[in-house]
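Visitor: I am attaching a structure below and will ask some questions about it afterwards.
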Amino acid sequence: MNALTLEAVELRRIRMPLVAPFETSFGIQTERDILLLKAITSAGEGWGECVATEEPTYSSEYVDGAQHALVHHLLPRLFISARLTAEDVAKVLRPVHGHHMAKAAIEMAVLDAQLRSAGESFARYFGAVRHEVDCGVSVGIHRTIPDLLQTVGDYLDQGYRRIKLKIKPGWDLEPVRAVRERFGDVPLQVDANTAYSVSDAEHLAELDAFDLLLIEQPLPEEQVLAHAELAKVVRTPICLDESITSAQGAADAIQLGACQVVNIKPGRVGGYLEARRIHDLCASNHIPVWMGGMLETGLGRAGNVAMAAMPNFTLPGDTSASDRYYHRDITEPFVLSEGRLRVPTGPGLGVTVDLEFLEQVTFATETARPEPGRVRATR
Ligand code: OSB
Ligand code: MG
């Protein structure tokens, strides 16, 4: 792959109101504050989206922290690399611990620049085997069961192929039972976002009666062994989200018996290239994977949909249509057709940013550049 030089990175913060509030066990979101990157390189421009949330409530990362890490610790290391490819980014950034979402955003932007200049799509680069991907939808915690049934019914009418219910103690068996009773055998799964403890094992085993595809991340991020213990009590497959932060961690969790399914989120694991390694590792261990989501704009969605077209993404992803999240997206919208989204085929991410609308939703910009006079290291 042709190497490039990173000349500058524009960091842009946008505010995007959600079409409906989204409540999880870790809080309620009504709008998103998103960090976007535009990498300006010797090979042209590329876009990255950072999935860090406004507060460190999904994981330890948060958007202000990600921006700080990029400006002060990550980008300076990349600026002094004279010949850079997306495949080098993680290696150059290895001295900095953590900050996966920040690292993923810049790797994505460099990969986009690289592939756009080479005329190759993300999908082709990842070895996609599908032109469209099956889509599910993640349904937040609702105030009442009738409200929930209304929302789920609307999504099923739109064609979504799988429903995921957010659960927490006090909102678990009843909503699942109600959805099963009303909508029959629709593909159904739940996501607890770490809200339970292993002492809830017998309670969680009551979900077995509802024939769910999986239970996602019932226990805290660090409790990988406890998930293996839980898996002995609960028959429903356990899927890890928050706990899987690297390919090595995924390998360990699989060997421990802590997960039967893996949710892949490129941002959580430090980028698309590490996500691809997890896909491959899971494939060779007969562990199905599916594409998670972090309420991305069309940029992140484009990359995620491309990756979800890889062979071992055998379950529908949280790759919903643009209108599930935003009244207006910053790219051409992703539109659901028969419960699927089309995989972009153009160079790089294959979507175009609506620069005029982007300006309207931007509330802060900053440009990072190489320190003047700093010599680039030839690697
Ligand atoms: O745990 O999967 C999660 C959204 C934000 C943070 C964490 C999660 C989610 C979702 C929504 O479930 C996924 C999406 O539709 O993008
Ligand atoms: Mg999750």
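The values are calculated or read from the model by the stated rules, or taken from the named source; none is laboratory data. Just so it is clear, the model here is predicted, and its values are computed rather than measured. In this analysis, Cβ positions are derived from the backbone assuming ideal geometry, glycine residues included, and neighbour counts consider all displayed protein chains. Quick note on the areas: whole protein, heavy atoms, side chains included, nothing else; ligands and nucleic acids left out. Shrake-Rupley method; radii C 1.70, N 1.55, O 1.52, S 1.80 Å.
Visitor: For the range 273-295, which residues satisfy the criterion of being open to solvent by 10 Å² or more (accessible area, probe 1.4 Å) and within 15 Å of ligand 1 (Cβ to nearest atom)?
Guide: Result: Gly293, Met294, Leu295.
Visitor: Could you pull out the residue among Gly270, Gly249, Gly298 that is over 29 Å from Leu207 (Cα atoms) and more than 16 Å from ligand 1 (Cβ to nearest atom)?
Guide: Unique residue meeting the criteria: Gly270.
Visitor: Right, here's the next one. Checking the structure you have, find out if any residue of the range 202-218 is under 14 Å from Leu165 (Cβ atoms), within 13 Å of ligand 1 (Cβ to nearest atom) and touching a helix residue (DSSP H, G or I) at 6+ places or on another chain (Cβ under 7 Å).
Guide: Scanning the range 202-218 turns up at least one residue that is under 14 Å from Leu165 (Cβ atoms), within 13 Å of ligand 1 (Cβ to nearest atom) and touching a helix residue (DSSP H, G or I) at 6+ places or on another chain (Cβ under 7 Å).
Visitor: Kindly provide the set of residues from the range 309-349 that are in contact with an Asp or Glu (Cβ under 7 Å, 6 or more places away or on another chain) and in contact (Cβ under 8 Å) with a residue 60 or more places away in the chain, ordered by number.
Guide: Within the range 309-349, Pro316, Ile330, Gly339, Arg340, Leu341, Arg342, Val343, Pro347, Gly348, Leu349 meet the criteria.
Visitor: What single numbered condition from (1) open to solvent by 10 Å² or more (accessible area, probe 1.4 Å); (2) out of contact with any Gly (no Cβ under 9 Å at 6 or more places or on another chain); (3) in a helix (DSSP H, G or I) fails to hold for Leu78?
Guide: (1)
Visitor: Would you pick out the residues in the range 56-75 that are part of a loop (DSSP other than H, G, I, E, B), in contact (Cβ under 8 Å) with a residue 24 or more places away in the chain and touching a helix residue (DSSP H, G or I) at 6+ places or on another chain (Cβ under 9 Å)?
Guide: Ser59, Glu61
Visitor: Looking at Ser117, is it more than 16 Å from ligand 2 (Cβ to nearest atom), more than 20 Å from His279 (Cβ to Cβ) and polar (S, T, N, Q)?
Guide: Against the criterion (more than 16 Å from ligand 2 (Cβ to nearest atom), more than 20 Å from His279 (Cβ to Cβ) and polar (S, T, N, Q)), Ser117 qualifies.
Visitor: Something else now. Please go through the range 177-202 and give me each residue that is within 16 Å of ligand 2 (Cβ to nearest atom) and out of contact with any strand residue (DSSP E or B) (no Cβ under 7 Å at 6 or more places or on another chain), ordered by number.
Guide: Selection gives Thr194, Tyr196.
Visitor: Assess whether Gly140 counts as being in contact with a Pro (Cβ under 9 Å, 6 or more places away or on another chain), of a type in the set (Gly, Ala, Ser) and in contact (Cβ under 8 Å) with a residue 12 or more places away in the chain.
Guide: Here the answer is yes, as Gly140 does meet what is asked.
Visitor: Going through the range 154-173 one residue at a time, which ones are assigned to a helix (DSSP H, G or I) and either within 15 Å of ligand 2 (Cβ to nearest atom) or open to solvent by 50 Å² or more (accessible area, probe 1.4 Å) (or both)?
Guide: Asp154, Asp157, Gln158
Visitor: How about the range 90-118: which of its residues are touching a helix residue (DSSP H, G or I) at 6+ places or on another chain (Cβ under 6 Å), in a helix (DSSP H, G or I), farther than 16 Å from Glu45 by Cα and not basic (Lys, Arg)?
Guide: Matches in the range 90-118: Val92, Leu93, Met101, Ala102.
Visitor: Which ones in the range 174-191 are within 16 Å of ligand 1 (Cβ to nearest atom) and surrounded by fewer than 17 Cβ atoms within 10 Å (Cβ to Cβ)?
Guide: Correct list: Pro187 only.
Visitor: Another question, if that's okay. Look at Ser117 and say whether it is in contact with a strand residue (DSSP E or B) (Cβ under 6 Å, 6 or more places away or on another chain), open to solvent by 50 Å² or more (accessible area, probe 1.4 Å) and polar (S, T, N, Q).
Guide: Yes: the conditions hold for Ser117.
Visitor: Would you point out which residue out of Gly159, Gly140, Gly153 is away from ligand 1 (no atom under 15 Å from the Cβ) and within 16 Å of Asp318 (Cβ to Cβ)?
Guide: Matching residue, one of Gly159, Gly140, Gly153: Gly159.
Visitor: Might you let me know whether the range 328-347 holds any residue that is closer than 29 Å to Arg77 by Cα and within 16 Å of ligand 2 (Cβ to nearest atom)?
Guide: no
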